[in-house]
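The values are calculated or read from the model by the stated rules, or taken from the named source; none is laboratory data. This structure is a prediction, so every number in the text was calculated from the model and none was measured. Neighbour counts are summed over all protein chains in view; Cβ atoms, including those assigned to glycine, are modelled from backbone coordinates with ideal geometry.
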Amino acid sequence: MNTPASTEQLKIVIVGHVDHGKSTFVGRLFYDTGSLPEGKYEQLQSVAERRGVPFEWANLMDALQSERDQNITIDTAQIWFQTPKRQYVIIDAPGHKEFLKNMVTGAASAEAALLLIDANEGVQEQSRRHGYLLNLLGIRQIAVLVNKMDLQGYSEERFNSIETEYREFLRSLEMEAKCFIPIAAKLGDNVASPSPNMPWWKGKTVLQTLDDFQVTDLPDNQPLRFPIQDVYRFDKRRILAGRVEAGTIRVGDRLLFSPSNKVSTVATIERWNAPDRDTASAGESVGITLTEQIFVERGAIAALEAAPPYALTRFKARLFWLGRAPFSKGKSYKLKLATQEVECNIEEIERLIDSSTLATISRDDGSVFVGRNEVAELTLRTKRPVAFDVHSEIVATGRFVIVDGFEVSGGGIVAQDNYPRRTADSTHKSDNIYWSHGKVTHEQRNLRNGQCGCVLWLTGLSGAGKSTIATELERELFNLGKHAYVLDGDNVRHGLCRDLGFSPEDRQENIRRVGEVAKLFADAGQIVITAFISPYRADRDLIRKLVPEGQFIEVYVNAPIEVCEQRDPKGLYQKARANEIKEFTGVSAPYEAPHNAEIALRTDQLTVPESVAKIIDHLRFRDGDTVVSI
């Protein structure tokens, strides 16, 4: 077996229409490079002779597939071989339409490609699709192998015809193949050595061409991108583990974690069975610890604070669809980008393209979807912000796959657009921001509205009755001619707080945002009713301090947890008991009851009308003022 002169490694993908000889070519490539297990070729040749059938190189690959104990690493995705110059990793991409999804997920990490075309059949629809996919994935080092030249009598004219046709197609994609090579893989013509059957060919062999390909430099000079794969706890430390996809990370770096926008400093860089160093570069898998113990979870992307990725809920993309069912507007799918997973849907399809003819597709019936093997230029919207980069700028965080149900059904890249980018100092509050005071005072608004603006903060366990009481109270106040509005917990998480989870830190930020909004409502003279679990006493006290004195009224909607579970209007307790919901208040997360709430409602004893009447009575007579006049 050849011993490479260096440890250099190049990842290549080999693609081609079904039956265009890809397996035969790979088998021959292994034989000609001395990469087969010793005696394997002779063994299979002997088996073929005993059976009275011709030896097939494709059978060699099938046999190797099942031999995991041999001195060669082969699995369903990657195959290794080597030349005197370097080691190669073949990322297998089956040619049939059924297996195109493997090409998208596998070829995305390839640095070069070999594309096979059968000299007998010529350029096929699938040949064009493969070309388009290579273009979509940004692979620019391509050699086209015109195989089975023996079936065409090694005709130079036939080779030139195929080259002309396929070069023209690639140019329409703004691509240029490095070279076209006439081969007969079965016989080894022009694979590792020049073919005596094609004296007219003066170009290089396949192996010479492979060795001419360039290994892509790791993106060390790009902005740091460190997607968090998992979080581990060791000796009271939280270690954020992941792979540096671009740039370099150093101890002391100030990191911004997108899309949550939390900031902290790198305290240490942890390695497993490797010497300690204070830096980690692109391609390294490491763990980091932080000086400030902020909450970070899988999916976050760490970047230097001065050069973060985009963090948005919509972006433009070029997508190739592979699923059996179409990619339809109005349906939700799962988008996977780096380690992030988020629900997404089509916002708008700008253009549909036939990947084999490059013609624009129009639907006569006006329906909006991307069909199988079609390409789309579209805008995707995600349920919560997702961190990303434009593919042409940073590859690893600029490509994605779409999952329909449990199947990877499409893949694509983030296209260039005028995205708003977070500035370096956007996480720091300026000292030059001042509260703007209007010319209408709070007292004047109260006099005009016939009421005092205030915040009615309903807190309690899920199922205690907060939302029911809040909406009924809003209706009663409206009937009394008062200006009231409900800020409901679920409603707020659909918009204002859609980027937040349910960790203690995110719950705190959720309540802070709602408190700031409620404060503005009250300042405008509104009676704002909030219905939030708001489990932590300190968070509620923080809101009390935000609102002017006397305008915050805490309402403890109190029901025993057994009663709440019996009601369970959304089926949440059942899911929490089955461990389907993490950090659920009252089950796996704490609830801190108020010590001195202005109003306490035992909703296991009071009816909804009785509870509403008790709140209105408090508003009417609090501090001797008539807030609600009847």
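Identify, from the list ALA303, ALA282, ALA307, the residue that is surrounded by 22 or more Cβ atoms within 10 Å (Cβ to Cβ), touching a residue at least 24 places away in the same chain (Cβ under 8 Å), touching a Pro at 6+ places or on another chain (Cβ under 7 Å) and farther than 30 Å from ARG129 by Cβ.
ALA303
Based on what the data block shows, is LEU312 touching a helix residue (DSSP H, G or I) at 6+ places or on another chain (Cβ under 9 Å), in contact (Cβ under 8 Å) with a residue 24 or more places away in the chain and of a type outside the set (S, T, N, Q)?
Against the criterion (touching a helix residue (DSSP H, G or I) at 6+ places or on another chain (Cβ under 9 Å), in contact (Cβ under 8 Å) with a residue 24 or more places away in the chain and of a type outside the set (S, T, N, Q)), LEU312 does not qualify.
Can you name every residue in region 203-252 that is among the small types (Gly, Ala, Ser), in a loop (DSSP other than H, G, I, E, B) and assigned by TED's automatic domain parsing to the domain that holds TRP272?
GLY247, GLY252
Do you know which residues across region 322-355 are modelled with pLDDT under 90 and touching a Phe, Trp or Tyr at 6+ places or on another chain (Cβ under 6 Å)?
Once the filter is applied, which keeps residues that are modelled with pLDDT under 90 and touching a Phe, Trp or Tyr at 6+ places or on another chain (Cβ under 6 Å), region 322-355 yields only SER355.
To keep it simple, each residue is scored yes or no on (1) of a type in the set (Gly, Ala, Ser); (2) more than 23 Å from ARG602 (Cα to Cα).
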| residue | (1), (2) |
| --- | --- |
| GLU476 | no, no |
| ARG498 | no, yes |
| SER503 | yes, yes |
| GLN508 | no, yes |
| ASP523 | no, yes |
| GLU549 | no, yes |
| PRO560 | no, no |
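Could you please find all residues in region 263-278 being without any contact (Cβ under 8 Å) to a residue 60 or more places away in the chain and surrounded by 13 or more Cβ atoms within 10 Å (Cβ to Cβ)? Outline the logic, then answer.
Let us first name the residues in region 263-278 that are without any contact (Cβ under 8 Å) to a residue 60 or more places away in the chain, namely 264-278.
Scanning region 263-278 gives SER264, THR265, VAL266, ALA267, THR268, ILE269, GLU270, ARG271, ARG277.
Failed condition for SER172, given (1) in the same structural domain as PRO259 (by TED's automatic domain parsing); (2) at negative phi, with all others met?
Of the numbered conditions (1) in the same structural domain as PRO259 (by TED's automatic domain parsing); (2) at negative phi, the odd one out for SER172 is (1).
For region 545-557, give me each residue that is more than 9 Å from VAL455 (Cα to Cα) and either aromatic (Phe, Trp, Tyr) or at pLDDT 90 or above (or both).
VAL555, TYR556, VAL557
Tell me which of these SER588 doesn't satisfy, since it passes every other one: (1) surrounded by fewer than 22 Cβ atoms within 10 Å (Cβ to Cβ); (2) modelled with pLDDT of 85 or more.
(2)
So which residues in region 356-370 are at pLDDT 80 or above and crowded, with 17+ Cβ neighbours inside 10 Å, if there are any at all?
If the condition is that a residue be at pLDDT 80 or above and crowded, with 17+ Cβ neighbours inside 10 Å, then PHE369, VAL370 are the ones that fit.
Residues that are in a loop (DSSP other than H, G, I, E, B), modelled with pLDDT under 90, over 24 Å from LYS334 (Cα atoms) and of a type in the set (Asp, Glu): does region 275-285 have at least one?
Among the residues of region 275-285, at least one is in a loop (DSSP other than H, G, I, E, B), modelled with pLDDT under 90, over 24 Å from LYS334 (Cα atoms) and of a type in the set (Asp, Glu), which makes the answer yes.
Does any residue of region 558-580 turn out to be crowded, with 20+ Cβ neighbours inside 10 Å, over 27 Å from ASN449 (Cα atoms), modelled with pLDDT under 85 and not charged (D, E, K, R)?
The answer is yes, given that some residue of region 558-580 is crowded, with 20+ Cβ neighbours inside 10 Å, over 27 Å from ASN449 (Cα atoms), modelled with pLDDT under 85 and not charged (D, E, K, R).
Which pairs do you get when a residue that is surrounded by 14 or more Cβ atoms within 10 Å (Cβ to Cβ) and charged (D, E, K, R), found in region 1-17, comes within reach of a residue that is part of a loop (DSSP other than H, G, I, E, B) and at pLDDT 80 or above, reach meaning Cβ atoms under 6 angstrom, with the pair 6+ apart or on two chains?
Pairs found: LYS11/GLU111.
Has region 490-510 got any residue that is under 22 Å from GLY550 (Cα atoms), in the same structural domain as LEU572 (by TED's automatic domain parsing) and of a type in the set (Val, Ile, Thr)?
No, that holds for no residue.
Can you tell me which residues in region 380-395 are hydroxyl-bearing (Ser, Thr, Tyr) and either surrounded by fewer than 16 Cβ atoms within 10 Å (Cβ to Cβ) or at pLDDT below 90 (or both)?
Looking only at region 380-395, we keep the residues that are hydroxyl-bearing (Ser, Thr, Tyr), and these are 382, 392.
Matches in region 380-395: SER392 only.
Taking ASN190 as meeting all but one of (1) on the phi > 0 side of the Ramachandran plot; (2) surrounded by 17 or more Cβ atoms within 10 Å (Cβ to Cβ); (3) not assigned by TED's automatic domain parsing to the domain that holds LEU116, write down the number of the exception.
Of (1) on the phi > 0 side of the Ramachandran plot; (2) surrounded by 17 or more Cβ atoms within 10 Å (Cβ to Cβ); (3) not assigned by TED's automatic domain parsing to the domain that holds LEU116, only one is false for ASN190: (3).
Which of the residues that make up region 340-375 are in contact with a Pro (Cβ under 7 Å, 6 or more places away or on another chain) and assigned to a strand (DSSP E or B)?
Across region 340-375, the qualifying residues are PHE369, VAL370.
Look at VAL296 and say whether it is crowded, with 16+ Cβ neighbours inside 10 Å, assigned to a loop (DSSP other than H, G, I, E, B) and within 23 Å of the chain's Cα centre (by Cα).
Yes, satisfied.
What number of residues within region 156-202 satisfy the criterion of being more than 16 Å from LEU115 (Cβ to Cβ) and either part of a loop (DSSP other than H, G, I, E, B) or modelled with pLDDT of 95 or more (or both)?
Qualifying residue count for the region: 19.
Given the criteria under 30 Å from PRO504 (Cα atoms), of a type in the set (Asp, Glu), assigned by TED's automatic domain parsing to the domain that holds THR268 and at pLDDT below 90, does GLU292 qualify?
It is true that GLU292 is under 30 Å from PRO504 (Cα atoms), of a type in the set (Asp, Glu), assigned by TED's automatic domain parsing to the domain that holds THR268 and at pLDDT below 90.
Looking only at region 410-458, count how many residues are more than 27 Å from the chain's Cα centre (by Cα), exposed (fewer than 10 other Cβ atoms within 10 Å of the Cβ) and at pLDDT 80 or above.
Matching residues across region 410-458 total 1.
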